[in-house]
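K.L.:
Just dropping this structure here.
What follows is calculated from the coordinates using simple rules that are stated; it is not laboratory data. Note that the structure is a prediction, hence the values are computed from the model and not measured. Every residue, glycine among them, receives a Cβ derived from its backbone with ideal geometry; neighbour counts consider all protein chains shown.
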């Protein structure tokens, strides 16, 4: 039984993105011939990039909602701080 190893990809992620960006200026067939890749590889790379972008969008939405929540918390804490500070300055806290 002979074990064959898979051919390692010789394109970096930056090169893949440049190849995918070339679709704006040429057809998929021409691009695949120019870079020596199959159309299925091209479309698989394209799907991978699209999935990565959707993950980034979801992460961005999560971070934005967390940022809003934290800003609300800071505003509430600031109000508590200023009201307690004013109470101490005005002498209402001397009974403690």
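K.L.:
As an exercise, use a Förster radius of 41 Å and the Cβ-Cβ distance of residue 52 and residue 80 to find the FRET efficiency, rounded to the nearest 0.05.
P.N.:
0.45
K.L.:
Continuing with the same structure: Treating the angle as unsigned and between 0 and 90°, give the value, to the nearest 10°, between the Cα long axis of helix 39-89 and the longest Cα principal axis of the chain.
P.N.:
Tilt relative to the chain: about 10 degrees.
K.L.:
Follow-up. Would you look at the GNM of the chain, springs on alpha carbons closer than 10 Å, and say which of 13, 83, 40 moves the most?
P.N.:
83
K.L.:
Then there's this: Could you list 45, 78 in order of exposure, starting from the residue whose Cβ has the fewest other Cβ atoms within 10 Å?
P.N.:
78, 45
K.L.:
Can I ask one more? If you compute Cα extents along the principal axes in Å for the structure shown, which of (i) 44, 34, 22; (ii) 52, 31, 18; (iii) 87, 44, 16 do you land on?
P.N.:
(iii)
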